[in-house]
Amino acid sequence: MGAPAQAQNNTQPGEAEASARRRRGAVLAWGVAIAAFVVFWQFGKPLAAWAFKYPKAYAIPAQAWISSGMKWLLNEATFGLFTFLDLTRFTAAMIDIPYKLALSLLSTGFLQGQGSGAVQLLPPVSWIAVIAIVALLGWHAGGRRLALLVAGCFAFLAMFGQWDSAMVTLASILVAVPIGVVLGLLLGIVAYRWPALERAIIPLLDLMQTIPVFAYLVPILFLFGFGPTAAVVATLIYALPPMTRVTILALRQVPSEVIDLGNMVGCTPRQMTWRVMVPSAKDSLMVGVNQVIMLSLNMVIIASMIGAGGLGFDVLAALRRLDIGAGLEAGMAIVALAIALDRLSQAYAYRIAKPHHETAANKGFVARHPYTVGALAFVAVTMAIGLAVPAVQDYPDGLKVSTGPFFSDVVGWINVNFFDVLEGMKNALLLNVMVPAKRLLLDLPWFGVVVLLAFAGYRLGGWRLAATIGALSFLIAATRQWEKAMITVYLCGSSVVLAALIGIPIGVLVAERDRAWRVVQVIIDTLQTLPSFVYLMPAVMLFRVGDFTAMIAVVAYAVAPAIRYTVLGLKGVDPRLIEAGKAMGCTPWQLLSRIRLKLAFPEIMLGLNQTIMFALSMLVITALVGTRDLGQEVYIALTKADTGRGLVAGLAVAFIGIIADRLISAGARRVRQSLGLA
Amino acid sequence: MQTGTFIRRTATALALTAAMALPSGAFAAAESSDPIKLTLHDWTGQLITTQLMGEVLKKAGYNVEYVQADYLAQFAGLESGDLHVAMEIWETTGRDAMDAATATGKVENLGPTGMKAKEEWWYPEYMKEKCPGLPNWEALKDEACAEAFATAETAPKGRYLGGPVTWGGYDDERVEALELPFEVIHAGTDAALFAELESAYQRKAPIMLWIYAPHWAPAKYKGEWVEFPEYTKECYSDPKWGSNPDAQYDCGKPFGEIWKVSWAGLKDKWPGAHKAITAFTVNNDEMGAMISAVDLDGKTVDAVVADWMGANEARWSAWIK
């Protein structure tokens, strides 16, 4: 309804004139603001030194506040009957129960006693049985093809000798994902039912997603104890927000007819939520489940640093001894797990979306549950055979394959033969683009930048946005993180530009070619789940330690959303508009630039937004190759167990992310309005 | 879903039945049979040291559990008693964290492991041709020599790849104090450090970087440590000491002990284990050989540890007497 009306309005002469006047006004306002900023930057230094370097005397001692707050929580906070620490330790113990169970089933077997004195009572589920179970799940959810794919992924784990570690990782995923889904769902329902709470929850979700994990690792270790449980908690904090967001969105999209029906038959609020709303939002909710699974797998490396073990530990250990092949194998095992779990959850989402009716009520147990019975039979039979034939219980060593030193040799060969070419390319980019950009950003007065950002907020979204953005950027300066924040902006900024320059054209190229898009999809899925540490070390060998290597790692990870959203946007363009364009005799180039890209612009902006978020989330990893930004600050704080320092730097990263997000969203909203899409 | 619940129920039931049938494990030592938790980090030497200790404790009848933990983050666990023993805290990189932890009274230093941490500027042997005065540090003052170590970003200064910022080491100060025409670049992790070395070594390209021992790198790559004026305490605290009268740090890095630390409650809960861990020593050469056997010859840590246990029975049995 809104779209055609707006389009008509735009064609009226008076309206067109007004819009042209508005545009002139905007250009003028921006011109004045930027000119004032440049003048202030060039000539302001002698007059207002405080605007260039934040005065130490007025700094907000947030680090000390947070650290002493943490001490209070640990030593004094109490609810009367029990202390805060008791509560968190109790929570940890509760999480530990399902974790131990999953671990026993998949990896250690059921044990009597602890440590080396333990006696195995019952072996873990054998590798053959696990593969059979996932294959049955695949069959149940999506038929033979899916069964083959999932079984193939798990067979890959066994063949490459990653089975034991993969099962440890799988155990922690199996615990983290259900908890994350349930908590995320509950939080989403709460936010949906009480809008006042939603306003508090949304910023919290933003922080949870943008503060680097390393920043809150130390408090988590103190509160939840050392080991896999703490890793699960850290994973939850990172992986839960998308579930809540999807829940809120999904509940809002429940058709009003359904709600009316619920009201008519006299549902209580509780019945309304659980019997009406949640079931009818089921298929959207599965998207959230899928996101929780993927983000949990992203955390595997970091979780292994605090005692989760598993594949993440193998990746780190292999790369520490520069065994690139072994690191890649362990990394690919994570990808295989991710693909299997992703496809399974998507298939179940699809199945739920298409309800099917079974009339099995009066059949026997076996007939009603053929898959369950089949899986159990397999477990029992392989366990019995496994007692006699060890190869059934554990994958035989002799059948394991490995790429051995192959990948190390490949990197070595490239290194010896092409280093000079790579070095030349790197130096050209570094000396001509990156270093000048860094100097420029570091030179800018913080005060001017804060004002300019607030101005941008005002132009795009009004006073409220201006106030939010001004306050957040001021806080970065006031906690004395400005310089590191600028290096962060420089590193992420140049990576995002590069990722967009690579990603958007690829997206344009593959959007209309389904086969190419499928190939690209596999590649970007892999890039997103393969731990970046795996390609970071070869990158160091070819490009040395420094910003360039960090940028490669960031781009490799952040290019995925740029491609994905471009394709999404282009595919979503109304085909009738394209037909209309063709009818009017547009050339393919005109079709692309005048119609398709223009209409896909909001999605592309959203992709850019996500690219920035992804780039920021890589900061901590790039700290491992020696950058000097906020990520490094967070990492140093982690190694010194300094809660305050880590969280302050982490919050600064989050603020940068939130500023970028709000500005881009506001900009995209305006564009959408002017295109008549909203 | 149903599959999962069913398996879980059956399995728990089975486990319970079996648990009732079996007597609990008996131990030689009349101390607590709870597992002693030893931390494992991500470098091979530490894995070997820890498993040596663990195997010895097992021989003495203790219940041992290995837990993967981050080198510095583990102190939180050692203080709370979630973890019990950490076998390698390097004077050079872990001293601050260790001191902070022992100051709380919840963590105890169990003395040196016998291994000495060596950390210094290091270069591959083929660089000696381009800078013949090495290993004497004064050769680095020569501009031609420094330029041999330069890259496009640092030229005409030489490039020195230092350890992660978190390692400390005062290299920026050292360059300044000794007036070396070098620029210090910090690697973020030691994996990055050795990735650069491997890359340069393959191409016989110039490189000067921070190497530490015991480690597999000095065994794999031929090269030498730069000989700086020997470290003394005064050099780091008193500007007047050394060649530069106005600056500290005008000397090399300290050699340091590698320490063993434990949760303070270890002594009361497992007094015998406390004694054994305090008595544990190995030396650099032994450890270097074992690390090479694992990282370069591809043996497993378990096998290397078993070999050592077989060859040194007299030594370790004295620790647990």
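The values are calculated or read from the model by the stated rules, or taken from the named source; none is laboratory data. All values derive from a computational prediction rather than experimental measurement. Heads up, the Cβs are rebuilt from the backbone with ideal geometry, glycines too, and the neighbour counts pull from every protein chain shown.
Taking the residues in segment B:176-217 that are touching a residue at least 24 places away in the same chain (Cβ under 8 Å) and of a type in the set (S, T, Y) as candidates, determine which candidate is nearest to the other protein chains (Cβ to nearest Cβ).
This residue is B:T189.
Looking at (1) within 9 Å of chain A (Cβ to nearest Cβ); (2) of a type outside the set (D, E, K, R); (3) closer than 23 Å to A:E423 by Cβ, which is the only condition B:C145 fails?
Every listed condition holds for B:C145 apart from (1).
Could you go through segment A:519-537 and let me know if any residue there is on the phi < 0 side of the Ramachandran plot, surrounded by fewer than 20 Cβ atoms within 10 Å (Cβ to Cβ), in contact with a Phe, Trp or Tyr (Cβ under 8 Å, 6 or more places away or on another chain) and not small (G, A, S).
Yes, the conditions are met somewhere in segment A:519-537.
Going through B:K233, B:K204, B:K260, B:K240 one at a time, which residue ends up being surrounded by fewer than 17 Cβ atoms within 10 Å (Cβ to Cβ) and at pLDDT 85 or above? Write out each step before concluding.
Values: B:K233 fails: at pLDDT 85 or above; B:K260 fails: surrounded by fewer than 17 Cβ atoms within 10 Å (Cβ to Cβ); B:K240 fails: at pLDDT 85 or above.
B:K204 is the lone residue from the list that is surrounded by fewer than 17 Cβ atoms within 10 Å (Cβ to Cβ) and at pLDDT 85 or above.
Can we say A:V134 is within 12 Å of another protein chain (Cβ to nearest Cβ), under 18 Å from A:R351 (Cβ atoms) and in a helix (DSSP H, G or I)? Walk me through how you get there before you give the answer.
Working: within 12 Å of another protein chain (Cβ to nearest Cβ): yes; under 18 Å from A:R351 (Cβ atoms): yes; in a helix (DSSP H, G or I): yes.
Here the answer is yes, as A:V134 does meet what is asked.
Which condition breaks for B:T113 when tested against (1) touching a residue at least 60 places away in the same chain (Cβ under 8 Å); (2) assigned to a loop (DSSP other than H, G, I, E, B); (3) more than 20 Å from B:C251 (Cα to Cα); (4) touching a Lys or Arg at 6+ places or on another chain (Cβ under 8 Å)?
Just one mismatch for B:T113, condition (2).
If the requirement is being of a type outside the set (F, W, Y) and touching a Phe, Trp or Tyr at 6+ places or on another chain (Cβ under 8 Å), which of these qualifies: A:L630, A:L647, A:L619, A:L651?
Numbers: A:L630 fails: touching a Phe, Trp or Tyr at 6+ places or on another chain (Cβ under 8 Å); A:L619 fails: touching a Phe, Trp or Tyr at 6+ places or on another chain (Cβ under 8 Å); A:L651 fails: touching a Phe, Trp or Tyr at 6+ places or on another chain (Cβ under 8 Å).
Testing whether each residue is of a type outside the set (F, W, Y) and touching a Phe, Trp or Tyr at 6+ places or on another chain (Cβ under 8 Å) leaves just A:L647.
Of the residues that sit in segment A:518-560 and are of a type in the set (F, W, Y) and closer than 23 Å to A:N298 by Cβ, which one is modelled with the lowest pLDDT?
Among those residues, the one meeting the criterion is A:F533.
Given A:L387, A:L460, A:L440, which one is surrounded by 16 or more Cβ atoms within 10 Å (Cβ to Cβ) and in a helix (DSSP H, G or I)?
On the way: A:L387 fails: surrounded by 16 or more Cβ atoms within 10 Å (Cβ to Cβ); A:L440 fails: surrounded by 16 or more Cβ atoms within 10 Å (Cβ to Cβ).
Step by step, each of A:L387, A:L460, A:L440 is checked, and only A:L460 is surrounded by 16 or more Cβ atoms within 10 Å (Cβ to Cβ) and in a helix (DSSP H, G or I).
Give the residues of segment B:216-266 that are charged (D, E, K, R) and over 30 Å from B:L38 (Cβ atoms), sorted by residue number. Show your work before the answer.
Here is the first cut: in segment B:216-266, the residues charged (D, E, K, R) are B:220, B:222, B:224, B:227, B:230, B:233-234, B:238, B:240, B:246, B:250, B:253, B:257, B:260.
Correct list: B:K222, B:E224, B:E227, B:E230, B:K233, B:E234, B:D238, B:K240, B:D246, B:D250.
Which members of segment B:159-184 meet the condition of being within 21 Å of A:Y535 (Cα to Cα) and of a type in the set (A, V, I, L, M, F, W, C)?
B:L161
Would you check which residues across segment B:34-81 are more than 22 Å from B:S292 (Cα to Cα), hydroxyl-bearing (S, T, Y) and in a loop (DSSP other than H, G, I, E, B) and list them?
Across segment B:34-81, the qualifying residue is only B:Y62.
From the set of residues in segment A:73-105 that are farther than 26 Å from A:T169 by Cβ and among the β-branched types (V, I, T), which is modelled with the lowest pLDDT?
The extreme case among them is A:T78.
Collect the residues in segment B:295-315 that are touching a Leu at 6+ places or on another chain (Cβ under 8 Å) and either exposed (fewer than 14 other Cβ atoms within 10 Å of the Cβ) or closer than 16 Å to B:T113 by Cβ (or both), keeping them in residue-number order.
Of all residues in segment B:295-315, those touching a Leu at 6+ places or on another chain (Cβ under 8 Å) come to B:301, B:305, B:308-309.
Hits for segment B:295-315 are B:V305, B:W308.
Tell me, which residue of segment A:249-279 that is loosely packed, with under 13 Cβ neighbours inside 10 Å and of a type in the set (S, T, N, Q) is nearest to A:I201 (Cα to Cα)?
Ranking the candidates gives A:Q253 first.
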